[in-house]
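Participant: Here it is, the structure, as structure tokens.
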Amino acid sequence: MTDRPIIDIRHAAKSYGPLEVLKDISLQVQKGQIVAIIGPSGSGKSTLLRAINDLDPLTAGEVWLEDTQVNKALPTRQYEAHINSVRQNIGMVFQHFNLFPHLNVRENITLAPKMLKGISNEDADELAVEQLNKVGLLDRIDYYPSQLSGGQKQRVAIARALAMKPKVMLFDEATSALDPELVEEVNLVMKQLAEEHMTMIIVTHEMGFAQDVCDRVLFMDQGVVVEEGPPEVIFKNPANDRTKNFLRKHLKGQN
Amino acid sequence: MLRVFPYFLQAAWVTLQLSVLSCLLGLICGALGAAARLSRSPVLRLVGATYVSVIRGTPALIQIFILYFGGPQIGIQLEAFEAGMLALGFNIGAYMTETMRGAIISVDRGQNEAARTLGLSRFETFRAVTLPQAMRLMIRPLGVNINALIKGTALVAAVSVVELTYTAQRYIGSTYKPFEMFFLAGAIYMTIIYVTGHGVSWLDRRAALK
Ligand SMILES: Nc1ncnc2c1ncn2[C@@H]1O[C@H](COP(=O)(O)OP(=O)(O)O)[C@@H](O)[C@H]1O
Ligand SMILES: [Mg+2]
């Protein structure tokens, strides 16, 4: 049992009314693994990612974080307590950053650790410094989100998620909302996390990045995982026609 | 003219007290109403919605009359000032319910998601993330509610509360100068509203600084 996955998705299915968004998806992610999810818009990538911390609950199937079932059926109150503690272990980074605009960078980072882990002000400050150092923004500690560039905002959002010391990080198109010249600084932070063996699941449109950084690539289309494998195989030698088609469009058309 | 001035000042003080007290009551009713309307419980949501639609669907004057004249019939004996203050407070509370609810639901959904993803509970998220942002959004529209409330206090003249409008009416009899009396009352209302409006703008600017 040494290779118990950190994330284990079993037969995940999700429908919005008659629309089946996820169809029987299973996925295991081992500790330290970095998985990229690619696929056309509307294929269910975000839905799958958001099912992992039960932000978009599944209609059927199970999600496990190590030996805890995330989407356990519990009475409302118990479920609330359960999910809040599970989510502390799962960091999430959004396309639109979602920094708290009424709090400065330091407060953005320390809000959750202070409220949930009851750490002292000094420890919280130290934590903010440590995380900001990681993303190279220590000099912005007293800025407000509105005073930062998009790339800086996303780096702060990553620092905020890391401050909870999560076991897994989920990225939902973390660079899609950024001006092209700001993408690289965020990619660098993610690469650095990869070198530190952070477990990551990354939804991305950047094939180059997926190829460089990830151990495994999943290609999704219309709610199913069409093909998965190491990046060399998926990008250089895909077996499925849908994958080939998708990659043909995305590898040449650099936007 | 000069003879009546002290009485108008006294009346202005009554109008001010009415405004402040019913504003405080309105803010409390508004907060409770908004909480009810946004609650997970269908019963509370219905209570909130009923409060809002009943109050907004009937004239404020009728609400004042019901409390003052109808109250004793069901064993609630109130002074005119008390009845007026309570009726105005419940009345503006319904509008403030909608203002507060509107501000809360217009905070970006992503804010809630980001906080919940970090592990904050619904309540913690509301307190630390949603509410502070909603507060900023509600300052101006609450200012509009308060403006309406101050002018609405004139209605309690109908149950003989000696506030500005009532006082103006009363001194027409002895002075035979209706224009001056109402002009003076109007000027005092306008002063109160002007100052309040500036207070609201100041709060709004301060809240938006960050
Ligand atoms: N709240 C919702 N209600 C109805 N349909 C939704 C909702 N959220 C997503 N969908 C649909 O689910 C499908 C998958 O969406 P999504 O997971 O966001 O795809 P992707 O991230 O791959 O672009 C899309 O067809 C989208 O329209
Ligand atoms: Mg998406």
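Participant: Please pick out the residue among B:Val162, B:Val144, B:Val129 that is more than 26 Å from B:Gly57 (Cα to Cα) and away from chain A (no Cβ under 14 Å).
Facilitator: Only one candidate passes the filter, namely B:Val162.
Participant: Looking for whichever is away from chain B (no Cβ under 14 Å), at pLDDT 95 or above, surrounded by 14 or more Cβ atoms within 10 Å (Cβ to Cβ) and more than 16 Å from ligand 2 (Cβ to nearest atom) here; the options are A:Thr199, A:Thr243. Which one fits?
Facilitator: After ruling out the rest, the residue left standing is A:Thr199.
Participant: Can you tell me which of (1) under 29 Å from A:Glu20 (Cα atoms); (2) more than 14 Å from every other protein chain (Cβ to nearest Cβ); (3) modelled with pLDDT of 95 or more is the one A:Val129 doesn't meet?
Facilitator: It fails just one condition, (1).
Participant: In addition: Any residue at all in region B:91-98 that is of a type outside the set (Val, Ile, Thr) and without any contact (Cβ under 8 Å) to a residue 40 or more places away in the chain?
Facilitator: Looking for residues that are of a type outside the set (Val, Ile, Thr) and without any contact (Cβ under 8 Å) to a residue 40 or more places away in the chain, one finds none in region B:91-98, hence no.
Participant: Additional query: Keeping to region A:149-167, report how many residues are surrounded by 15 or more Cβ atoms within 10 Å (Cβ to Cβ) and within 13 Å of chain B (Cβ to nearest Cβ).
Facilitator: Number of matching residues: 13.
Participant: Write out, first by first residue and then by second, each pair whose Cβ atoms fall under 8 Å of each other, whose residues are 6+ apart or on separate chains, and whose first residue, in region B:103-123, is more than 8 Å from every other protein chain (Cβ to nearest Cβ) and in contact (Cβ under 8 Å) with a residue 40 or more places away in the chain while the second is part of a loop (DSSP other than H, G, I, E, B) and not acidic (Asp, Glu).
Facilitator: B:Ile104/B:Leu38; B:Ile105/B:Leu38
Participant: Which of (1) free of Cβ contacts under 8 Å to residues at least 60 places away in the same chain; (2) in a loop (DSSP other than H, G, I, E, B); (3) surrounded by fewer than 20 Cβ atoms within 10 Å (Cβ to Cβ) is the odd one out, the single condition A:Asn98 does not satisfy?
Facilitator: (3)
Results for (1) among the aromatic types (Phe, Trp, Tyr); (2) more than 21 Å from A:Leu188 (Cα to Cα); (3) modelled with pLDDT under 95, shown as yes or no for each residue.
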position: A:Arg77; (1), (2), (3): no, yes, yes
position: A:Asn89; (1), (2), (3): no, yes, no
position: A:Phe100; (1), (2), (3): yes, yes, no
position: A:Leu103; (1), (2), (3): no, yes, no
position: A:Ile158; (1), (2), (3): no, no, no
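Participant: Take A:Val86 and tell me if it is away from ligand 1 (no atom under 16 Å from the Cβ), touching a strand residue (DSSP E or B) at 6+ places or on another chain (Cβ under 9 Å), within 14 Å of chain B (Cβ to nearest Cβ) and over 28 Å from A:Glu206 (Cβ atoms).
Facilitator: In short, yes.
Participant: For residues in region A:64-83 being away from chain B (no Cβ under 14 Å) and in a strand (DSSP E or B), which is surrounded by the most Cβ atoms within 10 Å (Cβ to Cβ)?
Facilitator: Filtering region A:64-83 for residues that are away from chain B (no Cβ under 14 Å) and in a strand (DSSP E or B), the one surrounded by the most Cβ atoms within 10 Å (Cβ to Cβ) comes out as A:Trp64.
Participant: B:Leu86 is checked against (1) assigned to a helix (DSSP H, G or I); (2) crowded, with 22+ Cβ neighbours inside 10 Å and fails just one. What number does that condition carry?
Facilitator: Evaluating B:Leu86 over (1) assigned to a helix (DSSP H, G or I); (2) crowded, with 22+ Cβ neighbours inside 10 Å leaves (2) as the failure.
Participant: If you don't mind, another one. Take the conditions without any contact (Cβ under 8 Å) to a residue 12 or more places away in the chain, within 16 Å of ligand 1 (Cβ to nearest atom) and among the aromatic types (Phe, Trp, Tyr) and apply them to A:Tyr79. Does it pass?
Facilitator: Judged against the criteria, A:Tyr79 is not a match.
Participant: What's the total number of residues in region A:15-67 that are of a type in the set (Gly, Ala, Ser) and more than 14 Å from ligand 1 (Cβ to nearest atom)?
Facilitator: So the count comes out to 4.
Participant: Search region A:40-63 for residues that are under 18 Å from A:Thr204 (Cα atoms) and more than 13 Å from chain B (Cβ to nearest Cβ) and pair each with any residue that is near ligand 1 (Cβ under 8 Å from one of its atoms) and assigned to a loop (DSSP other than H, G, I, E, B) when their beta-carbon atoms are under 6 Å apart and the residues are at least 6 apart or on different chains.
Facilitator: Every condition considered, the pairs that remain are A:Gly44/A:Gly223; A:Lys45/A:Gly39; A:Thr47/A:Asp56.
Participant: Which residues, counting only those in region A:35-63, are buried (at least 22 other Cβ atoms within 10 Å of the Cβ), polar (S, T, N, Q) and within 14 Å of ligand 2 (Cβ to nearest atom)?
Facilitator: Matches in region A:35-63: A:Ser43 only.
The values are calculated or read from the model by the stated rules, or taken from the named source; none is laboratory data. Remember, it's a predicted structure, so these values are computed and weren't measured experimentally. Backbone-built Cβ (ideal geometry, glycine too); neighbour counts: all protein chains shown.
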